[in-house]
């Protein structure tokens, strides 16, 4: 048997592909790969998840609920925090590194053929994100899975994942992000995201502004899809903060679920849970309620990097808020679920983000800010971010550290002295870098090339996370 490469080598080969931020609005490349592979994406039933915030958390809750039914579930989410294998999950676990390599080796000739066809036509080859989507659909077919839960990378209509016919299209809240690609208003962005609605599907629509809801309902009407709308057809009736999460009462088109424990914090996660239950109902049982024992599985749901406690005494929380809506949700959850005597915010954001919009909601939940940069070249200048933060907190409450390791060390020192907590936020990449520094990881699974951004088709993965001679020390 021929020796196979290891996962880091395969990932480095994938990273040599065209940067994901060079988005071309076409599904042709991925569709061609699927055609040559025998359309593996058409095998399982599909729940497709789009939106601006909450996609990954909602997808993981749907995965948890479906697994509790005994179905075999494949889940695709992006980006990843530690290993690229996290993006493709089978039965709730990241694809085994060896299996990841085997599937890649199986489809490598097809990827190369399509790359060649594209080059002959004067078009760009498959991107990094597109190749990973192809790998995911091939892995799901090989398993095989009964249901595929697929998180959209960016938008909807032209997203590489959108070569499936989805049974249930899920919409988490839509707001402005990636305006240069999707539009400058929530309504324009919603029109792009509505492209995942397949003819005759069920569309489960989470909390939206009236304008966005009108856009999505119009898209449902044109596709002959049945909408199920948060606040109308299903709802979060009540919630109570509890140790380790919250207790929810939910109402759906099929019944009521009371005293459901959710092991995630914040009203936004409670809303996501209501959306997840409605989506699984729509997929599995139509107008019948789910077995309450299945809904109880939400007590085991996880969403790494989303208000995740990675250290105690002092407490360190990681949250991947990367736009104003995400920052507002983070601030609300901190007020509700965490009472620190003193809070230090460690922030590193991308230069193309709405930096004032991200910082402003956090002003009242943090006593001081340590501004730094993450390992992405696109990370904003710490001094630029610090100047904006000084206008909100005052110059005396804002300091700059040139690297994240130093920022974490400084924040931990302050928290140990004050008895307070630390919150690290601003980007998925910031969270990924912080996890690498603070959480003991399996050396074989650690990935030094994690893509940086929050919606996977807006990244340039052609970089090492840290130069070989500048690996930061654990704070």
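Laboratory data are not the source of any read-out in this text; all were calculated from the coordinates shown. These figures come from a predicted structure and were not determined experimentally. Note: ideal-geometry Cβ built from the backbone for every residue, glycine included; neighbour counts use all protein chains shown.
Below is a table of values for the structure above.
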read-out	value
Label-point separation, residue 302 to residue 242 (7 Å along Cα→Cβ), nm	2.0
Percent of beta bridges antiparallel (DSSP, the stretch 308-439, rounded to nearest 5)	20
MRE, 222 nm, helices only [DSSP H, n ≥ 4, -39500 (n - 2.57), over the chain, to nearest 500]	-11500 deg cm²/dmol
Span from the the stretch 137-177 Cα centroid across to the the stretch 291-316 one, whole angstrom	23
Whole-Å distance, taken between Cα centres, linking the stretch 191-231 and the stretch 375-425	40
Taking 172, 339 and counting other C-beta atoms within 10 Å, the order from fewest to most	339, 172
Equivalent ellipsoid dimensions for the chain as semi-axes, Å, which come from the Cα gyration tensor, largest first	33, 29, 21
Three-way shape label, the stretch 308-439, alpha-carbon gyration tensor, a/c 1.5	rounded
Normalised contact order of the chain, rounded percent, pairs of Cα under 8 Å and 6 or more residues apart	17
